[in-house]
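K.L.:
Okay, handing you the structure first.
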Ligand SMILES: Cc1cc2nc3c(=O)[nH]c(=O)nc-3n(C[C@H](O)[C@H](O)[C@H](O)COP(=O)(O)O)c2cc1C
């Protein structure tokens, strides 16, 4: 069994809340894992060329080509994204769109696998978890847990945080705010969030090691997606 962790943050893993949370989930799983950061990677969005319809292989040549192999080989995923304008960042979104290559005919390459959705935002990462979970559903992947934390908005360190009217410090603490190091959010200092990440990892590890039935998960997810499609028309 192997889990593929993907941190969609473009920031240095040293300061990325998403990276820390994804890593915490992976470590708690006690399953063999690989963690890939999308920082610096070149991944374009789906161009709807339909080149993948017959063989489930995307024809766009970029860093997704190498990542595809890892996605195919993994039994489960821990996917994390930073909240940029109330949704996942463009890099993560591009990767999620490119999962379209697996979504044709009897393309059961990803069906019935498991996932954990992770999000971090200057306020919250919940909207990212929603989006990741939705994309997992499109490929009949079950999201077994979600982990959302408050990451450090760049406004705390950009140099103008105490006076900038559109910045997060003033929005969170009001005019006249004095920024101190302890005010800068860090998921590692949020016990509830770290505990949720550990629980999510343990649960994912348990589900994988208990020998879960992929066809059962596939059927469950297919049923859920059909209900969703019906209610959205
Ligand atoms: C362009 C931009 C837009 C952002 N928009 C939001 C937002 O709408 N909501 C939010 O909660 N945080 C927002 N943030 C803050 C990031 O989500 C926050 O810095 C988070 O910690 C980033 O994740 P990372 O630490 O893993 O890089 C934004 C940051 C940037 C750079």
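K.L.:
Which of the residues spanning segment 164-197 are crowded, with 16+ Cβ neighbours inside 10 Å and assigned to a helix (DSSP H, G or I)?
P.N.:
168, 169, 170, 172, 187, 193, 194, 196, 197
K.L.:
Please go through (1) surrounded by fewer than 20 Cβ atoms within 10 Å (Cβ to Cβ); (2) at negative phi for residue 204 and return the number of the only condition it doesn't satisfy.
P.N.:
Going through (1) surrounded by fewer than 20 Cβ atoms within 10 Å (Cβ to Cβ); (2) at negative phi one by one, residue 204 breaks only (1).
K.L.:
Does any residue of segment 127-135 turn out to be within 12 Å of the ligand (Cβ to nearest atom) and in contact with a helix residue (DSSP H, G or I) (Cβ under 9 Å, 6 or more places away or on another chain)?
P.N.:
yes
K.L.:
Do you know which of the residues in segment 89-107 that are in contact with a helix residue (DSSP H, G or I) (Cβ under 8 Å, 6 or more places away or on another chain) and touching a residue at least 60 places away in the same chain (Cβ under 8 Å) is farthest from the ligand (Cβ to nearest atom)?
P.N.:
95
K.L.:
Here are the criteria: (1) in contact (Cβ under 8 Å) with a residue 24 or more places away in the chain; (2) more than 22 Å from residue 24 (Cα to Cα); (3) within 19 Å of the chain's Cα centre (by Cα); (4) more than 16 Å from the ligand (Cβ to nearest atom). Tell me which single one residue 86 does not satisfy.
P.N.:
If we test residue 86 against (1) in contact (Cβ under 8 Å) with a residue 24 or more places away in the chain; (2) more than 22 Å from residue 24 (Cα to Cα); (3) within 19 Å of the chain's Cα centre (by Cα); (4) more than 16 Å from the ligand (Cβ to nearest atom), just (4) comes out false.
K.L.:
While we're looking at this one, here's another question. Suppose we filter segment 19-30 for residues that are touching a helix residue (DSSP H, G or I) at 6+ places or on another chain (Cβ under 8 Å) and within 10 Å of the ligand (Cβ to nearest atom); how many remain?
P.N.:
2
K.L.:
For segment 56-69, state whether one or more residues are assigned by TED's automatic domain parsing to the domain that holds residue 125 and touching a strand residue (DSSP E or B) at 6+ places or on another chain (Cβ under 9 Å).
P.N.:
yes
The values are calculated or read from the model by the stated rules, or taken from the named source; none is laboratory data. Predicted model, so just to flag it, every value in this text is computed and none were measured. Cβ coordinates were reconstructed from backbone atoms using ideal geometry, including for glycine residues, and neighbour counts include every protein chain displayed.
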